[in-house]
Amino acid sequence: MFCKVMSGALQGIECYLVTVEVDISTGLPCMELVGFLSSEVREAKERVRVAMHNCNASVPTGRVTVNLSPANVRKAGSSFDLPIAAGILGAMKRVEEIWFSQALFAGELGLDGSIRGVKGILPMVLEARKRGFKACVIPKENVKEGKLVRGISVFGVSHLEEVIELISQKQIPVPEEKKEEKSTKSEKEPDFLEVIGQETVKRAALAAAAGFHHFLMLGPPGVGKTMIAKRIPGILPGLSEEDCLEVSKVYSISGLLKEGKLMTAPPYVAPHHSVTLQALTGGGRVPVPGALSLAHKGVLFLDEMAEFKRSSLDSMRQPLEEKKIEIIRNAGAFSYPADFMLVGAMNLCPCGYFPDIGKCRCSMSERKRYMGRVSGPLLDRMDICVIVEPPAMSVLMEEGKKTGQTGSREMADLVKAARKIQKERYEGTGILCNSQLKGKMIKEHCKLDKPTERILDEIFRKRELGPRAYYRTLKLSRTIADLEKSRRIEKEHVIEALSYSSGLDIFNKGAWENI
């Protein structure tokens, strides 16, 4: 007696099909699982055996051999319990064969026959639809997530007895579609109107969001750095359909897709400075995405940036360029997307109050050592670096008037308009934002007139800046021009772009030591 059942396993954020082959033959009663399996998969034989016994569908006497193919790829997780149980039922001729050729199974079994949720259902259902399957049988706990995929029937089951009843039908039924209840919750999102003063820094944040540029804020505690960072996702455009699915798959395999809803807004991830390297970049015995991948197409905020371990900060240098994380393990290579906007905030000394000599208690060597925790190559990848100073008391006193201040709604409209210009300009090139420009594309789309070139050349000679800073300034100038709806990059745009990198001078040549 032989049966084949289709299931899925994860590699990176993608799913590949696994064929669960079950053979029942004469011999001593036992169940053997083969196919390069992790410990949790090998333990499935006990869960399946007891669960089937408690559902009056005992494993037949004889030798039961289960093979998970392809056998050269390591299988991990508990999602193979349900397909193994279904395969045994199929080999016993207890159910209809049509389900095994046209449906995909995934789920974890409890000893009482209950079926529990598993991670990564979204990419599994997407792969099943891609391969032409008509249905997916998954845990009821994951059914909302599975039904996000249109064009395939998704059945949610909570007990093995329900599975037996379902797959005993001679045809795959069409599941009833229930209307989704609209949420009545209206949580107020953080608004830039709540940030009093700091109009210059808000303008820098606007430019960063418009071109998806990396953004670093320097300054003493309590001046609004964290407030500004938390409000940046609110002015970013919503995710496209393609990005929505990609981000949702990352959250699905991490078990973080809330209420079975797609991620439609850019994510915001803010790990604590004590985060481990593995939690930041991803990995583990069974590799999972880290904070860099969870921030894909959104904002990764590093508060107290200088307090992070040097190794953790330097691990971001390659992902900032490649837009992905490559993890190599004995079981294979795993690739996770990591196209995020890095937003950092840090003080200028351990006590935080430098350059206010009246408050700062740190020695010169302490300041120098503290600033040196962030490496030069990482700083060189920050397109915008501004110093955030405390707002004047008169501005704070006029908080209720909010005169001349810009809110998130107006800023979001400006970002949307600038992104539309960029999308039309780079149509067909695969580039969406100015920050993604490289090589010849920079020269083609960031041309300057002769007088502006001379000004830029003179400033770069005086500040002794390198090629990366030069191209960074050109791309940022292009973004500022887009915000102003200007086809050409004018002198004013270049000067504004240069002003947003003035904070990097604090790190160069120890100019701040003479204060």
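Label the range 314-452 by shape, choosing from rounded, prolate and oblate, from the square roots a ≥ b ≥ c of the eigenvalues of the Cα gyration tensor; if a/c is under 1.5 it is rounded, and otherwise prolate applies when a/b is larger than b/c, oblate when it is not. In terms of gyration-tensor shape, oblate. Computed from Cα atoms, the angle from the helix 44-54 axis to the main principal axis of the chain rounds to 50 degrees.
A helix-only calculation puts the chain at -10000 deg cm²/dmol for mean residue ellipticity at 222 nm, using -39500 (n - 2.57) for each DSSP H run of at least four residues, averaged over all residues.
Hey, what's the per residue convex hull volume over the C-alpha atoms of the chain, in cubic angstrom?
Working: hull volume 91.4 nm³, N = 515.
For the chain, the hull spanned by Cα atoms encloses 178 Å³ per residue.
The shape of the range 21-124 comes out rounded: with a ≥ b ≥ c from the C-alpha gyration tensor, a/c is under 1.5. For an R0 of 35 angstrom, estimate the FRET efficiency from the Cβ-Cβ distance between LYS416 and ASP449 and round to the nearest 0.05. So, using R0 = 35 Å, E works out to roughly 0.75.
Looking at the chain, identify the longest residue range that excludes and avoids all GluC sites (Glu not before Pro) in DSSP loops having at most 10 other Cβ atoms within 10 Å.
Numbers: sites that count: GLU176, GLU177, GLU180, GLU181, GLU187, GLU427, GLU464.
Maximal segment without exposed cleavage sites: 188-426.
Averaged per residue, what accessible area in Å² does the range 348-476 show with a 1.4 Å probe, protein chains only?
Numbers: 7790 Å² over 129 residues.
Accessible area per residue, the range 348-476: 60 Å².
Principal-axis analysis of the Cα atoms of the chain puts helix 467-483 at an angle of about 90° to the longest axis. Antiparallel beta bridges, as assigned by DSSP with both residues in the range 97-162, represent about 25 percent of the total such bridges. Would you work out which of MET6, MET441, ALA71 lies farthest towards the positive end of the dipole of the chain, given +1 charges on the beta-carbon of Lys and Arg and -1 on that of Asp and Glu, about the Cα centre? Towards the positive end, the residue furthest out is MET441.
Could you give the size of the charge dipole of the range 9-93 about its Cα centre, using +1 on the Cβ of each K and R and -1 on the Cβ of each D and E, expressed in debye and rounded to the nearest 20?
Values: 8 positive and 8 negative charges, 29 e Å.
Using Cβ point charges on Lys, Arg, Asp and Glu, the range 9-93 gives about 140 debye.
Let a ≥ b ≥ c be the square roots of the eigenvalues of the Cα gyration tensor of the range 101-175; is it rounded (a/c under 1.5), or, if not, prolate (a/b larger than b/c) or oblate? Cα axes put the range 101-175 in the oblate bin.
Cα axis of helix 81-91 to longest principal axis of the chain: angle in degrees, 0 to 90, nearest 10? Result, in degrees: 30.
Could you sort out which of LYS4/LYS140; LYS45/LYS170; LYS119/LYS144 sit more than 19 Å apart by Cα distance in this structure? Intermediate results must be reported in sequence, preceding the final value.
On the way: LYS4/LYS140 23 Å; LYS45/LYS170 28 Å; LYS119/LYS144 13 Å.
As for pairs spanning more than 19 Å Cα to Cα, those are LYS4/LYS140; LYS45/LYS170.
Computed from the C-beta positions of GLU458 and ASP191, the FRET efficiency with R₀ = 45 Å rounds to 0.65.
When cysteine pairs in the chain are screened for C-beta atoms closer than 4.7 angstrom, the residues that find no partner are CYS3, CYS15, CYS30, CYS55, CYS136, CYS244, CYS351, CYS360, CYS385, CYS433, CYS446.
The values are calculated or read from the model by the stated rules, or taken from the named source; none is laboratory data. Source: prediction; values computed, not measured. Cβ coordinates were reconstructed from backbone atoms using ideal geometry, including for glycine residues, and neighbour counts include every protein chain displayed. SASA here: full protein model, heavy atoms, side chains in, ligands and nucleic acids out. Shrake-Rupley method; radii C 1.70, N 1.55, O 1.52, S 1.80 Å.
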